[in-house]
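Peer 1: Please read through the structure below; I'll follow up with questions.
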Amino acid sequence: MPLVWSDDHVLHAPRAEVWVGVPTPAVEQPARAAAIRAELEQAGHPLVAAEQHRDEALTAVHDRALLDYLAGAWQEWDAAGLRADPGQEEVVPYFFAHAGLLGDAAPALPAAAWARPGRFAFDTMTPIGRGTWQAARSAADAALTAADLVLGGAPAAYACCRPPGHHVTRAAYGGSCYLNNAAIAAQHLLAALGAPVALIDVDAHHGNGAQSIFGATADVVTGSVHVDPAAGWFPHFLGFDGADGAHANRNVALAPGGGDEPWVAAVAALARWASGHGPRALVVALGVDAAAGAPESPLRVSAAGFHAGGRALGALRLPTVVVQEGGYDVAAIGSLVRAALDGIQEGLAGAGRGQEAGHG
Ligand code: SP5
Ligand code: ZN
């Protein structure tokens, strides 16, 4: 399947993510995408350049205020002299437009460059550097280009998006994400094909962004399998087992340490559930941070697990856009993505019909 790519991802190379007030080395690095590309090119997936799309594809999913802020955040930080004093190279919030602070008041856009990120960011782990906006924009363009390929008749297309996107809501960014690439692709498919579109998120963390963006309607049916936030995992405040009150949403929150069997079964269950809504297309938010070797992943899924999960998704036999999300074990990330894509292709081709997880 085509591998949609932009060189601009390298423009985002965050230095530090601030965790519990302590700057720690940022893990969402350019080497991740390079490793994926190397593995997929070797496997014969043809490279396709991401094409720039109009702003309307972004404003269909995100508030204009968020987009305007992200586009200018680094320049205003730089102009305010914050790189010299206090010596912070990247845009990092310190004060947040918390719902409990504001009550019914509409959040203002603060005057100070050091206050403005707290209007839009929900964590301190998602820094904005000089090239972050251009990279984030290129990742959204990659997802849109993959959607265009599928709309043009390709059975499936993979967008090697960096930075990732699935934690971003309509108006707030975080979780190493700036634009919700998968949601943008789903909205693009929805506009072209009509409702519903299915979006299934298999990243190790809850796909809170799509749930929030599409939660009020059944136009995009959203499912996510991830480690249980109640066991102490990001995004902590939502993603618990069940539906979080959203209209056409289902979350499967797994206990840490389960390995392939419960994870593959959950992916297959989400696929069957989404299929029941009669979707016209599928977006897969493919994080591979559920892998056994991933730093900080507790789910311990193997390459065989990603392959089997991919097969269950491919077995829906829908036009399929695959969007890269997390995955931080650079030594393994390429082979894990390759395994998932192989599985999706086999499912789409009907190889081994009747043996998909949950049917065999
Ligand atoms: C796209 C994606 O996979 N985002 C994941 C964001 C989750 N970040 C988790 C933060 C947990 C912090 N653990 C300490 C890290 C010290 N560097
Ligand atoms: Zn993740």
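The values are calculated or read from the model by the stated rules, or taken from the named source; none is laboratory data. The model shown is predicted, which means the values in this text are computed figures rather than measured ones. Neighbour counts run over all protein chains shown; Cβ positions are idealised from the backbone, glycine included. Protein only, heavy atoms only, side chains kept; ligands, DNA and RNA dropped before computing areas. Shrake-Rupley method; radii C 1.70, N 1.55, O 1.52, S 1.80 Å.
Peer 1: Considering only residues that are more than 13 Å from ligand 1 (Cβ to nearest atom), of a type outside the set (Val, Ile, Thr), part of a strand (DSSP E or B) and open to solvent by less than 60 Å² (accessible area, probe 1.4 Å), which ones fall in region 201-251?
Peer 2: Of everything in region 201-251, those that are more than 13 Å from ligand 1 (Cβ to nearest atom), of a type outside the set (Val, Ile, Thr), part of a strand (DSSP E or B) and open to solvent by less than 60 Å² (accessible area, probe 1.4 Å) turn out to be GLY223, GLY242, ASN249, ASN251.
Peer 1: Which of the residues spanning region 253-281 are over 15 Å from PRO298 (Cβ atoms) and aliphatic (A, V, I, L, M)?
Peer 2: VAL264, ALA265, VAL267, ALA268, ALA269, LEU270, ALA271, ALA274, ALA281
Peer 1: Going by the structure shown, is LEU254 within 15 Å of ligand 2 (Cβ to nearest atom) and either modelled with pLDDT under 95 or surrounded by fewer than 24 Cβ atoms within 10 Å (Cβ to Cβ) (or both)? Can you show your working first?
Peer 2: Details: within 15 Å of ligand 2 (Cβ to nearest atom): yes; either modelled with pLDDT under 95 or surrounded by fewer than 24 Cβ atoms within 10 Å (Cβ to Cβ) (or both): yes.
Yes.
Peer 1: Condition test on ARG272, is it more than 16 Å from ligand 2 (Cβ to nearest atom), at pLDDT 95 or above, within 19 Å of the chain's Cα centre (by Cα) and among the basic types (Lys, Arg)? Walk me through how you get there before you give the answer.
Peer 2: Working: more than 16 Å from ligand 2 (Cβ to nearest atom): yes; at pLDDT 95 or above: yes; within 19 Å of the chain's Cα centre (by Cα): no; among the basic types (Lys, Arg): yes.
So ARG272 does not fit the description; no.
Peer 1: Any residue in region 91-99 that is open to solvent by 60 Å² or more (accessible area, probe 1.4 Å) and of a type in the set (Ser, Thr, Tyr)? Quick ask: steps written out before the conclusion?
Peer 2: Initial filter on region 91-99 (open to solvent by 60 Å² or more (accessible area, probe 1.4 Å)): 94-96, 98-99.
Narrowing further to those that are of a type in the set (Ser, Thr, Tyr): 94.
Looking for residues that are open to solvent by 60 Å² or more (accessible area, probe 1.4 Å) and of a type in the set (Ser, Thr, Tyr), one finds at least one in region 91-99, hence yes.
Peer 1: Find the residue count for region 14-29, including only residues that are near ligand 1 (Cβ under 7 Å from one of its atoms), closer than 26 Å to GLY334 by Cβ, in a strand (DSSP E or B) and in contact (Cβ under 8 Å) with a residue 24 or more places away in the chain.
Peer 2: The qualifying residues number 1.
Peer 1: State which residue pairs qualify: first residue without any contact (Cβ under 8 Å) to a residue 60 or more places away in the chain and inside region 318-329, second residue within 12 Å of ligand 2 (Cβ to nearest atom) in any location, beta carbons under 9 Å apart, and separation of 6 or more residues or different chains.
Peer 2: So the pair list comes out as ASP329/VAL288; ASP329/ASP289; ASP329/ALA291; ASP329/ALA294; ASP329/PRO295; ASP329/SER297.
Peer 1: LEU190 passes all but one of (1) assigned to a loop (DSSP other than H, G, I, E, B); (2) more than 10 Å from ligand 1 (Cβ to nearest atom); (3) open to solvent by 20 Å² or more (accessible area, probe 1.4 Å); which number fails?
Peer 2: Unmet for LEU190, out of (1) assigned to a loop (DSSP other than H, G, I, E, B); (2) more than 10 Å from ligand 1 (Cβ to nearest atom); (3) open to solvent by 20 Å² or more (accessible area, probe 1.4 Å): (1).
Peer 1: Moving on. Just give me the residues in region 101-135 being under 18 Å from the mean Cα position of the chain (by Cα) and either open to solvent by 50 Å² or more (accessible area, probe 1.4 Å) or over 25 Å from VAL20 (Cα atoms) (or both), in sequence order.
Peer 2: Matches in region 101-135: PHE122, TRP133, GLN134, ALA135.
Peer 1: Please specify each residue of region 136-168 satisfying the condition of being surrounded by fewer than 24 Cβ atoms within 10 Å (Cβ to Cβ), in contact with a helix residue (DSSP H, G or I) (Cβ under 9 Å, 6 or more places away or on another chain) and of a type in the set (A, V, I, L, M, F, W, C).
Peer 2: Scanning region 136-168 gives LEU151, ALA154, ALA156.
Peer 1: Go through region 318-348 and report how many residues are in contact with a helix residue (DSSP H, G or I) (Cβ under 6 Å, 6 or more places away or on another chain) and in a loop (DSSP other than H, G, I, E, B).
Peer 2: 2
Peer 1: Which numbered condition in (1) more than 16 Å from ligand 1 (Cβ to nearest atom); (2) charged (D, E, K, R); (3) farther than 14 Å from VAL283 by Cα is the only one that ARG162 fails?
Peer 2: Among (1) more than 16 Å from ligand 1 (Cβ to nearest atom); (2) charged (D, E, K, R); (3) farther than 14 Å from VAL283 by Cα, ARG162 violates only (1).
Peer 1: Hey, does region 171-183 have a residue that's over 10 Å from the mean Cα position of the chain (by Cα), open to solvent by less than 10 Å² (accessible area, probe 1.4 Å), on the phi < 0 side of the Ramachandran plot and more than 12 Å from ligand 1 (Cβ to nearest atom)? Show your work before the answer.
Peer 2: We begin by selecting, within region 171-183, every residue over 10 Å from the mean Cα position of the chain (by Cα); these are 171-174.
Keeping just the survivors that are open to solvent by less than 10 Å² (accessible area, probe 1.4 Å) gives 173-174.
Those left that are additionally on the phi < 0 side of the Ramachandran plot: 173.
Now narrow it down to the ones that are more than 12 Å from ligand 1 (Cβ to nearest atom): none.
No: zero hits.
Peer 1: With the checklist (1) surrounded by fewer than 24 Cβ atoms within 10 Å (Cβ to Cβ); (2) more than 18 Å from the chain's Cα centre (by Cα) in hand, flag the one item VAL301 doesn't pass.
Peer 2: Only one criterion in (1) surrounded by fewer than 24 Cβ atoms within 10 Å (Cβ to Cβ); (2) more than 18 Å from the chain's Cα centre (by Cα) is unmet by VAL301, namely (1).
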